[in-house]
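Note sheet for the following structure.
The values are calculated or read from the model by the stated rules, or taken from the named source; none is laboratory data. All values reported here derive from a predicted model rather than from experimental measurement. Heads up, the Cβs are rebuilt from the backbone with ideal geometry, glycines too, and the neighbour counts pull from every protein chain shown. Ligands, DNA and RNA are stripped out before the accessible areas are found, and what is left, the full protein with its side chains, is counted by its heavy atoms. Shrake-Rupley method; radii C 1.70, N 1.55, O 1.52, S 1.80 Å.
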Amino acid sequence: LGNPWASIRYAATQVQAGDTVLINPGTYEGGVVVETDGKAAEPITLRANGEGVVIEGSGGERDAFFIDNADYVIVEGITIQHAERAGLRISLSDHVSVRSCTFADNSRWGLFTDFSDYTLVEDSDSYGAAFEHGIYISNSSDYPTIRHNRLHHNQGCGLHMNGDISMGGDGVISYGLVEGNIIYENGVGGGSGINMDGVTDTIVRNNLLYNNHASGISLYQIDGGSGSQNNLVLNNTIIMPADGRWAINIPDASDT
């Protein structure tokens, strides 16, 4: 209370469009919530000011860092770990960019989105999700770009994309790009390196997958509002371990 700007939680409540928050190295309490819109030409940026910026645990929230109904937000260079649920949740927020972050040993997901369009996650590392996935793009979140990340040692999928029509919307994730990721040692509890349920018009290219213990790349429909269709799967390298299943698994996915 005596030094409020030493808290990321406090800074997140004060930002306005065009602001940049530079976060000095140190360990900070989780429960960070951003609920203010940036603008296309004036995003809100929260950026590590050097190596060693860590958000520890969930604080008063189940997600360590929560972007809620806030468009045009950038998060750069932060490590988020030991959250009770998601390291970073992006909900009902468009044009959020996450760069050079690390999501380590979070309980359910490293990064989770719902109903959020134009999400960009790049050059980041997500590992050690105890129950589910490294990155989970969900609930009609269109135009996601997931590129140049390292997704590994997660109990479920490295990357899970699920339109999940039971949650509302059209139940379809469309117009995505998944490229240049290195995805390995996922799926001990089930789930592919790249899982796509109800995903359409998406490109999956130039990814390296190895030692994923369920399947490699899977396109299908269980929860999605449609089958995974009109997708391109190009130039991926997939090496399956002895206990794995299919390198590429595409049941009932038309025009792939």
Query raised in the report: Pick from Asp223, Asp243, Asp252, Asp170: which is open to solvent by 10 Å² or more (accessible area, probe 1.4 Å), assigned to a loop (DSSP other than H, G, I, E, B) and closer than 14 Å to Ile137 by Cβ?
Result: Asp223
Query raised in the report: Can Tyr136 be described as assigned to a loop (DSSP other than H, G, I, E, B) and either among the aromatic types (Phe, Trp, Tyr) or under 25 Å from Leu46 (Cβ atoms) (or both)?
Result: no
Query raised in the report: What number of residues within the range 205-215 satisfy the criterion of being in a strand (DSSP E or B), under 19 Å from Glu185 (Cα atoms) and not aromatic (Phe, Trp, Tyr)?
Result: 2
Query - Which listed residue, of His160, His152, His133, is within 21 Å of Asp94 (Cβ to Cβ) and within 16 Å of the chain's Cα centre (by Cα) - result: His160
Query raised in the report: For the range 173-183, what are the residues that are surrounded by fewer than 24 Cβ atoms within 10 Å (Cβ to Cβ) and not in a loop (DSSP other than H, G, I, E, B)?
Result: Ser174, Leu177, Glu179, Ile182
Requested in this report: Please tell me if Gly168 is at positive phi, of a type outside the set (D, E, K, R) and out of contact with any strand residue (DSSP E or B) (no Cβ under 9 Å at 6 or more places or on another chain).
Outcome: yes
**Report entry** Scope the range 82-102; condition in a strand (DSSP E or B), open to solvent by less than 10 Å² (accessible area, probe 1.4 Å) and in contact with a Leu (Cβ under 9 Å, 6 or more places away or on another chain); matching residues
**Finding:** Ala86, Gly87, Leu88, Ile90, Val96, Val98
Query raised in the report: Out of the range 184-199, which residues are in a strand (DSSP E or B) and open to solvent by less than 10 Å² (accessible area, probe 1.4 Å)?
Result: Ile194, Met196, Asp197, Val199
**Report entry** Which numbered condition Phe65 fails, given (1) among the aromatic types (Phe, Trp, Tyr); (2) within 17 Å of Ser126 (Cα to Cα); (3) touching an Asp or Glu at 6+ places or on another chain (Cβ under 7 Å)
**Finding:** (3)
Report task. Test Asp105 against the stated conditions and say whether it is at positive phi and either open to solvent by 10 Å² or more (accessible area, probe 1.4 Å) or modelled with pLDDT of 95 or more (or both). Result -> yes
Report summary line: Result of the Cβ filter at 8 Å on the range 109-123, keeping first residues that are at positive phi and in a loop (DSSP other than H, G, I, E, B) and partners that are surrounded by fewer than 24 Cβ atoms within 10 Å (Cβ to Cβ) and of a type in the set (Asp, Glu), at least 6 apart or interchain, is Tyr118/Asp94; Tyr118/Asp142
Report summary line: Scanning the range 152-167 for residues that are without any contact (Cβ under 8 Å) to a residue 40 or more places away in the chain and over 14 Å from Leu219 (Cα atoms), the one least open to solvent (accessible area, probe 1.4 Å) turns out to be Gly156
Report task. State the number of residues belonging to the range 226-240 that are of a type in the set (A, V, I, L, M) and either under 19 Å from Glu185 (Cβ atoms) or assigned to a loop (DSSP other than H, G, I, E, B) (or both). Result -> 3
Requested in this report: Would you mind telling me which numbered condition in (1) of a type outside the set (D, E, K, R); (2) open to solvent by less than 10 Å² (accessible area, probe 1.4 Å); (3) assigned to a loop (DSSP other than H, G, I, E, B) Ser218 fails?
Outcome: (3)
